[in-house]
């Protein structure tokens with residue numbers, strides 16, 4: 001075989017590109033022009049065309065059912081992954097860095113990150129069976145909602161919730177009862193224990209709220225001691241509790257390393273009652289907080305569907 | 001999630017990704033494993049994917065990475081085409097004589113393709129069988145589009161030389 005001429009070598013790349021349908025029109029013209037006088041390259045061109053033609057037909061056909069089986073296997077693994085998948089977002093807030101996580105069922109986790117600003121600082125890093133993935137833009141809306149809430153521009157997050165990170169039926173009952181405490185209101189640990197039908201389980205209620213996977217959303221900050229003290233929050237972050245209550249207009253007195261709610265400035269609702277009272281109505285001022293829900297404002301009480309008491313008339317003599 | 005539901009992505013692309021991996025590995029069990037892994041990985045990263053991303057090219061990138069790891073970590077040799085039993089190849093009908101010649105050529109091409117270095121082989125298969133843009137092929141192989149084009153060119157040259165002395169099927173004549 002004789003060596004290719006320099007002009008043949010120079011045009012080789014374009015020739016292959018032209019024969020395989022990938023050349024720019026101008027290269028194709030050059031190749032055509034060259035082939036008019038070069039039989040050898042004409043032959044090469046034909047060969048490359050044949051190669052390209054054969055190559056494009058090299059598709060393989062899976063054996064019957066193999067593809068369908070693979071697809072079915074994939075779908076079942078995806079379903080399992082989906083069940084366990086939690087998309088999260090971490091962002092700074094007035095309360096420090098917060099992680100929000102959502103699953104296909106709803107928001108499953110809100111967490112104050114005390115020890116850092118990455119996933120490693122989260123309990124997710126130690127939670128079995130959860131597939132944590134960095135969330136995309138759809139979690140930005142959650143961040144906006146939460147920031148609006150913390151700024152007092154929004155009273156209700158309205159998020160669908162996934163309760164699966166609450167580890168027991170008891171914890172779930174506590175959280176759901178707590179979730180029913182209205183905006184601007186406070187109740188006591190003992191009160192929550194009574195409402196779930198376990199009046200002596202006050203400490204267990206406090207423990208369940210300590211591990212609340214959905215703080216802010218499930219407002220455990222609205223649950224206080226029967227003494228009126230805030231007593232605790234997210235470990236030892238009672239300052240966050242005070243901030244959250246302040247956003248809702250609940251007034252507090254500073255007490256030694258804690259805060260006490262200003263009970264004399266709150267409207268009171270007795271257990272099972274439908275009318276709310278002034279704190280001075282009858283025995284309201286001395287009743288145990290285990291039996292009461294207190295409201296920061298009339299509007300908060302009335303948006304819960306409660307009417308002003310017809311004897312003390314908070315509607316005529318509102319607290320100032 | 002901001003984009004289309006992931007189920008539609010599976011429905012639209014699983015078959016093609018499976019065939020690609022079958023073409024690369026020649027084994028149904030490997031195509032099965034690797035194609036599932038491709039989509040599980042894609043699902044995990046789905047939310048973080050840009051809304052305007054080319055999903056199909058992105059899936060091929062994941063699949064190609066998995067295929068490269070498969071060949072690298074297992075040190076597997078691709079098996080000879082003749083010895084493969086769990087793969088059928090498509091038939092292009094033509095006249096009996098043409099058909100015979102086509103199949104002979106095809107078997108030869110097949111053998112050369114399977115003997116190509118992995119990057120050339122992947123670039124060639126992605127371009128010729130799946131019509132991917134060089135940009136996307138480059139991303140899959142962690143190289144520039146120009147290098148991807150060069151891989152395909154080298155593959156074509158090797159195939160062409162592998163057919164020296166072999167009578168090729170008739171193509172429409174050159175002007």
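The values are calculated or read from the model by the stated rules, or taken from the named source; none is laboratory data. If you're wondering where the values come from, they're calculated on a predicted model, not measured in any experiment. In this analysis, Cβ positions are derived from the backbone assuming ideal geometry, glycine residues included, and neighbour counts consider all displayed protein chains.
Quick notes on this one:
- With respect to the stated conditions, residue A:141 is out of contact with any helix residue (DSSP H, G or I) (no Cβ under 8 Å at 6 or more places or on another chain) and either within 14 Å of another protein chain (Cβ to nearest Cβ) or not in a loop (DSSP other than H, G, I, E, B) (or both).
- Check on residue A:43, modelled with pLDDT under 95, at positive phi and either more than 53 Å from the chain's Cα centre (by Cα) or surrounded by fewer than 19 Cβ atoms within 10 Å (Cβ to Cβ) (or both): no
- Unique residue being assigned to a strand (DSSP E or B) and within 30 Å of residue A:108 (Cβ to Cβ) when the list is A:186, A:218: A:186
- Across the range A:288-297, not a single residue is classified as surrounded by 15 or more Cβ atoms within 10 Å (Cβ to Cβ) and without any contact (Cβ under 8 Å) to a residue 40 or more places away in the chain.
- Applying the condition of being under 18 Å from residue A:194 (Cβ atoms) and part of a strand (DSSP E or B) to the range A:273-306 and asking which residue is farthest from the chain's Cα centre (by Cα) yields A:292.
- Number of the condition not met by residue A:296 [criteria: (1) at pLDDT below 95; (2) closer than 30 Å to residue A:161 by Cα]: (1)
- Any chance residue A:87 is within 23 Å of residue A:211 (Cα to Cα), within 14 Å of chain B (Cβ to nearest Cβ) and touching a strand residue (DSSP E or B) at 6+ places or on another chain (Cβ under 7 Å): yes
- Single residue of the range B:32-48 satisfying the filter (more than 7 Å from every other protein chain (Cβ to nearest Cβ) and touching a helix residue (DSSP H, G or I) at 6+ places or on another chain (Cβ under 7 Å)) that is nearest to residue B:73 (Cα to Cα): B:34
- Of residues in the range A:94-103 being surrounded by 15 or more Cβ atoms within 10 Å (Cβ to Cβ) and part of a loop (DSSP other than H, G, I, E, B), the one farthest from the other protein chains (Cβ to nearest Cβ): A:95
- Test: residue B:22 is in contact with a helix residue (DSSP H, G or I) (Cβ under 9 Å, 6 or more places away or on another chain), facing chain A (nearest Cβ under 7 Å) and surrounded by 20 or more Cβ atoms within 10 Å (Cβ to Cβ): yes
- Residue count for the range B:101-124, restricted to those that are closer than 10 Å to residue B:151 by Cα and either at the interface with chain A (Cβ under 10 Å from one of its Cβ atoms) or touching a strand residue (DSSP E or B) at 6+ places or on another chain (Cβ under 6 Å) (or both): 1.
- When residues of the range A:1-42 are limited to those that are assigned to a loop (DSSP other than H, G, I, E, B) and closer than 24 Å to residue B:134 by Cα, the one nearest to the other protein chains (Cβ to nearest Cβ): A:20
- Qualifying residue in the range B:37-46 (condition: surrounded by fewer than 18 Cβ atoms within 10 Å (Cβ to Cβ) and under 17 Å from the mean Cα position of the chain (by Cα)): no
- Per the conditions (1) at the interface with chain B (Cβ under 10 Å from one of its Cβ atoms); (2) touching a residue at least 24 places away in the same chain (Cβ under 8 Å); (3) under 18 Å from the mean Cα position of the chain (by Cα), the sole criterion not satisfied by residue A:82 is (2).
- Residue match in the range A:280-300 (condition: touching a helix residue (DSSP H, G or I) at 6+ places or on another chain (Cβ under 7 Å) and more than 24 Å from residue A:204 (Cβ to Cβ)): yes
- First in the range B:140-157 and touching a residue at least 60 places away in the same chain (Cβ under 8 Å), second anywhere and part of a helix (DSSP H, G or I), Cβ under 6 Å, 6 or more apart: B:140/B:60; B:140/B:61; B:140/B:64; B:141/B:119
- Apart from one condition, residue B:56 fits all of (1) out of contact with any helix residue (DSSP H, G or I) (no Cβ under 7 Å at 6 or more places or on another chain); (2) surrounded by fewer than 20 Cβ atoms within 10 Å (Cβ to Cβ); (3) modelled with pLDDT of 80 or more; (4) within 19 Å of residue B:122 (Cβ to Cβ); the exception is (1).
- Taken over the range A:57-79, the criterion of being at the interface with another protein chain (Cβ under 7 Å from one of its Cβ atoms), over 15 Å from residue B:38 (Cα atoms) and not in a loop (DSSP other than H, G, I, E, B) is satisfied by A:60, A:61, A:62, A:66.
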